[in-house]
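Scroll down for the structure; my scribbles are underneath it.
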Amino acid sequence: MKYIVANFVYGTGPYLRTTELALAINNEMEKRGQSRFGIIVPWVYGEKQKRIMLEEFSELNKKFPGEIWLCAELGKILNTIFYGNNAYEQALKLWIDNFEKLSNEAKALLSGKIELENLNGEKKIIDGSDIEIELSRAGRIKYGIKTSYGVTFGNASEILKNTLDVSEKEIAVDRDLVKEAIKIAEEVESQYKFTCVAHPGTFSFLENRKPVGREISIPPTIYPPKQNSDPIQEGIFITITGIPGLERLYNEAKALGLKLYSNDPSTVPGSERLLPNVIPNPKIKLQFARSGWGSVWFSQLSGTPFVCPEFDPLDDPEIYFNNKCIEKLGLGIIYRGQPLSDILAEAEKLRPGIRKINQDLLDKFGTYNGNEYSAKIIVDDLLSS
């Protein structure tokens, strides 16, 4: 068996989206009479990551058991510099200081014998020479894989360059660190044969934006949400915690007779556990989440209004630009402490504009499915070379 290895930035969405794309490539390869790849995913977040992946890919895991493999050693390397364990500025410094060392460690690991574990708990050791493709979603280090493709919502180098044009009051990160990080991001991105950039994405709000390198525009890299008609009470779905003022929002929801739903009820007091696949249900009045593109696209394509918190100046600059894009394109609402009744009324006003954005995507690409769209492009390139 030959393998695809995933490279991604911090968070849940990136490892899920990269795995989805790898599976789409396998489906496309199979359609063309080619063998499917094994998929190596860095195991960064322990049992929580494994549980989430089992929930997301349970059907595919039954159909193709042993196709998705977790690599704990590669996950450990990535986790060293991931934002989430550290403040953003500290994570940026760790990335700059450790980039060469960790890239070399990853290259050494992926060129030797690699211990893997699949979603069913079975283990095996493979030879790194069987890895043929790297898929990177804003990856932070170099793997040294000869054939590498970028598929992203926005290039890290572009996010960092645009940060220099924003005041330190709005994005509180040392500008000298940003300049050093730009050089590293450009070095990582230069190894890709091409980069597929999803629309809408981090900089879709810029009217005169210029492509970065060999760039191909694609639709959102998620599978379009399936309709949901589960018999649930009206409510709101919450996938973010720790934001000041949310307790008041929760109380307002209850006062309006709305239930609270979350995929992690231990962090949302009084909520009921449901998986995100319920978000398209007409009974879900809005999704409240951090402005990662997986969450934004899910709301956009399902027609469920999206609400995200105001940007924290100490947070990742990507979120600053995502928020700007969401507000400027009319994809959602920034929560600044306004009453929930006002948010619900404003959300209704956004629906026609979001329907137009979705129709424009369909007119331009012929599909909402950026995974299948980019998989065809990547497989075309693989088979031609």
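Read-outs throughout are calculated quantities, based only on the coordinates presented, and are distinct from any laboratory measurement. None of these values were measured; they are calculated from a predicted model. Note that we place each Cβ from the backbone using ideal geometry, even for glycine, and neighbour counts take in every protein chain shown.
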Diffing the stretch 176-185: the Karplus 3J(HN,Hα) column from phi (6.51, -1.76, 1.60, θ = phi - 60°), in whole Hz with x for Gly and Pro, holds 5, 5, 4, 4, 5, 5, 4, 4, 5, 4
The ³J(HN,Hα) series, computed from each phi in the stretch 114-130 with the Karplus coefficients 6.51, -1.76 and 1.60 at θ = phi - 60°, rounded to the nearest Hz and given as x for glycine or proline, is 10, 8, 10, 9, 8, 5, 8, x, 7, 10, 7, 10, 10, 9, x, 5, 8
In whole percent, the Cα-Cα distances of the stretch 235-365 spread across 10 Å bins from 0 upward as 12, 46, 34, 7, 0
Measuring from the longest principal axis of the C-alpha atoms of the chain, the long axis of helix 293-302 (C-alpha) lies at a number of degrees, nearest 10, equal to 60
So the angle from the long Cα axis of helix 12-31 to the longest Cα principal axis of the chain, reported in degrees to the nearest 10, equals 60
Between residue 333 and residues 5 or more places away or on another chain, the pairs with built amide H atoms under 5 Å apart involve 306, 307, 308
Nearest 10, in degrees from 0 to 90: the angle of helix 88-110 to the longest Cα principal axis of the chain is 30
About its Cα centre, the stretch 7-144 carries a charge dipole, from +1 on Lys and Arg Cβ atoms and -1 on Asp and Glu Cβ atoms, whose size in debye to the nearest 20 is 100
Residue-ordered couplings for the stretch 347-357, obtained by feeding phi - 60° into the Karplus form 6.51 cos²θ - 1.76 cosθ + 1.60 and rounding to whole Hz (Gly and Pro as x), are 4, 4, 5, 7, 4, x, x, 5, 4, 5, 4
Taking 177, 260 and counting other beta carbon atoms within 10 angstrom, the fewest-first order is 177, 260
Amide H neighbours of residue 134 at under 5 Å, excluding residues fewer than 5 places away on the same chain, with H built from the backbone geometry, are 5, 147, 148, 149
Projected convex hull area of the chain, Cα atoms, direction-averaged, in nm², equals 18.4
Projecting the Cα atoms of 335, 228, 1 onto the charge dipole of the chain, where Lys and Arg contribute +1 and Asp and Glu -1 at Cβ, the residue farthest towards the positive end is 228
Ordering 298-311, 52-65 by per-residue average of other C-beta atoms within 10 angstrom, highest first, gives 298-311, 52-65
